[in-house]
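The next block holds one structure in the form of structure tokens; read it before the comments.
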Amino acid sequence: MAEGELRIGVLANGPEVQRWQRLALEQLLAVPGVRPVVWVTPPDGQEPDPPKDRWRTALYRRWRRTRFDPPAMRPERIDDLLAGVPRLHCEVQRKGHAERFDPEDLEAIAAHGPDVLLRLGLGILKGGILDLPRHGVWSFHHGDEEKYRGGPPGFWEIMQGDPLTGAVLQRLTERLDGGRILRKGWFNTIDHSLAETVDTVLTHSAVWPAQVARELLMGRNEAAEGVASTTNAPLYRYPTNRVCLDFLLRQARNKARFHRRELQEHEQWNIGLLHQPIAELLKEKPNLNVRWLPDPAPDAFRADPFGYRTADGQLNVLYEKYQYAQGIGDISRVRPKRDNVLKRSRTMLTTGEHLSYPYVLEHDGAVYVVPESAASGRVELYRVNEANDALEHVRTLVEEPVYDPTVFQWQGRWWLFGTLAPLTNAALHAWHSPSLEGPWEPHALNPLKLDVRSARPGGTPFVHEGRLYRPAQDSASTYGHRIAINEVLELSPDRFSEQVVRVVGPLSGTAFNAGLHTVSAVGDVTLVDGKRFVNVDEQRKRVRTRKLERLKQKKRSK
């Protein structure tokens, strides 16, 4: 690899690939310093061997051809991306399920000096091709290789009721789906739609080759070494006709249940207090004796609590006040009393657009608030003015629609963590700055992680015994199900790693026991929120109207 350059080769079946594969190649080639040097395809007309089980799997194959159409798998061409790049036609030798290149073809590929080969086609590769490029052959496996080897992606997760569908970018070895893991992520399994599940996983994992390439160009050769997979997971194959029929019935039942829940089960959050510092949650069995505020109105909820104390020691809790009749949230304040009697809450901020997650931080003697204002497409900074009991706008921090923006200082820099649509629960992004007011720059490796179990911020980062911890939401089973506390192992403008060290919630045995998605620190008090489900007429009408409109749009598009 020449200094400042990464030479890429592409393995494909031809000039036509799936949309997600083109996206992966586009993002890789957009990295400064990446240069495509060779393009390898089978000779025109070389067809894959027909499947031996084509009759036993005929129903699934027919369903895929006629009823299964995720946008990520639609065909697109890549010859425009590889214009001027030498193309080699290499006939692979098939033995069983494995494919090998002839020695002459290996020499021809090696003559172009690729540092990496990105596999976008062909079959199960074995032999000398795996060791030919310096940084190996990179290949995607869409599934958690520790549970599912083989395929098809997403199918067996739905069949087994697994709420998570994994994906990996691996450096291939001789072991099927047992290579060296370069990147790994976890996404929600959408159990009523295999197409939506597959589209999400394929589209959003496509960024990984570009991320690894950036690290290599920073001089981190270890980025292409990865971690060896030791999986002994069963090897899955295309489903038989009987299994496919069971799948179609299961997916239909799941869809009916999904629509019923949307119509009948609506979230109601409430705020609770734990009279202990937030670091107590790191204990193996923390005290979760929560004191809930009085129940919200039947058609409203209180969520995302953050607090501060005024000069007289009064606890002020800012939160998202959501009323189903309006359909948007605003930022309100309550002052909890020991007797649990609440006076009327005060509205602190309303913009006509949805607001939530009023993150509180203190700096240079002032109290600042950074609410989620993703609907406006910006992250705004406000200051609490105790003299007139108001939030005063200071400045815009980031011109991005960030969800649950969380701002903190660590090792001399300011950090802003949050997620971006469409993966608001899974795609963690970060920005950094020398000062609170900016300028803010995106992290070199955004998105930092793709993990619905521990990405989206869920409260106040805190330092305990010199270590930085970051609460995050675990929405694997349902949105806001529980809190995962990450220990941040490495954080700099071009590095990041963390690991989950504790999971908290939901708060069973209480009135709000269906979810927990915020834990925030106010000295010796920790604020939390809890979820239960209610049936709200206004929301049911809104959902019904939305569903009818979608049906009309589908009919018009046919």
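No value in this document is a laboratory result; all are computed from the given coordinates. Everything quoted here is computed from the prediction, not taken from an experiment. We place every Cβ from the backbone using ideal geometry, glycine too, and count neighbours over all the protein chains shown.
Worth pointing out:
- Computed over region 267-545, Cα set: Rg, Dmax in Å: 17.6, 52
- Three-way shape call for region 198-245 based on the alpha-carbon gyration tensor, with the a/c threshold at 1.5: oblate
- Segments 290-296, 192-198 sorted - mean Cβ within 10 Å per residue, highest first: 192-198, 290-296
- Based on C-alpha pairs under 8 angstrom that are at least 6 apart in sequence, the chain has a relative contact order of 11 percent.
- Taken about its Cα centre, region 6-258 carries a charge dipole of about 880 debye when Lys and Arg each add +1 at the Cβ and Asp and Glu each add -1 at the Cβ.
- Computed from point charges on the beta carbon alone (+1 for Lys and Arg, -1 for Asp and Glu), the dipole magnitude for the chain about its Cα centre is near 2620 Debye.
- Couplings for region 120-125, taken from phi via the Karplus curve 6.51 cos²θ - 1.76 cosθ + 1.60 with θ = phi - 60°, read 10, x, 6, x, 7, 7 Hz in order; Gly and Pro are left as x.
- Estimated 222 nm signal from helices in the chain, with DSSP H stretches of n ≥ 4 weighted -39500 (n - 2.57), rounded to 500: -5500 deg cm²/dmol
- When DSSP beta bridges are restricted to pairs lying wholly in region 52-160, around 50% turn out antiparallel.
- Of all DSSP beta bridges in the chain, antiparallel share, percent nearest 5: 85
- Look at where the Cα atoms of region 434-496 and of region 291-315 average out, and the two centres are 24 Å apart.
- Neighbour-count order for Glu215, Glu284, Glu549, fewest beta carbons within 10 angstrom listed first: Glu284, Glu549, Glu215
- With Cα atoms, 0 to 90° folded angle of helix 19-29 axis to the chain main axis: 90
- Charge tally in the Cβ shell below 12 Å around Leu436, where Lys, Arg are +1 and Asp, Glu are -1, Leu436 excluded: 0
- Entry note: region 6-258 has Rg to Rh equal to 0.96, where both radii use alpha-carbon atoms and Rh is the Kirkwood radius.
- For region 6-258, DSSP calls about 50 percent of its internal beta bridges antiparallel.
- Labels on offer are [x] 30.7, 115; [y] 26.8, 91; [z] 25.9, 83, and the one holding Rg and Dmax of the Cα atoms in Å computed from this structure is [z].
- Surrounding net charge for Glu157, when Lys and Arg each add one and Asp and Glu each subtract one, Cβ distance under 10 Å: -2
- Charged-residue dipole, Cβ positions (Lys, Arg, Asp, Glu), region 267-545 about Cα centre, Debye nearest 20: 840
- Angle in degrees between helix 537-557 and the longest Cα principal axis of the chain, rounded to the nearest 10: 30
- Under 5 Å between amide hydrogens, built in the peptide plane, is the criterion, and for Arg456 it picks out Gln473 among residues at least 5 positions away or on other chains.
- Helix 194-205 axis, angle to the chain major axis (alpha carbon atoms, nearest 10°): 90
- Listing His89, His481 from fewest to most neighbouring C-beta atoms within 10 Å gives His89, His481.
- Taking each of Lys321/Lys555; Lys255/Lys554; Lys337/Lys531; Lys147/Lys449; Lys337/Lys541; Lys255/Lys541 in turn, the alpha-carbon distance tops 27 angstrom for Lys321/Lys555; Lys337/Lys541.
- Residue exposure proxy: Thr165, Thr396, ordered by other Cβ atoms within 10 angstrom of their Cβ from fewest to most, comes out as Thr396, Thr165.
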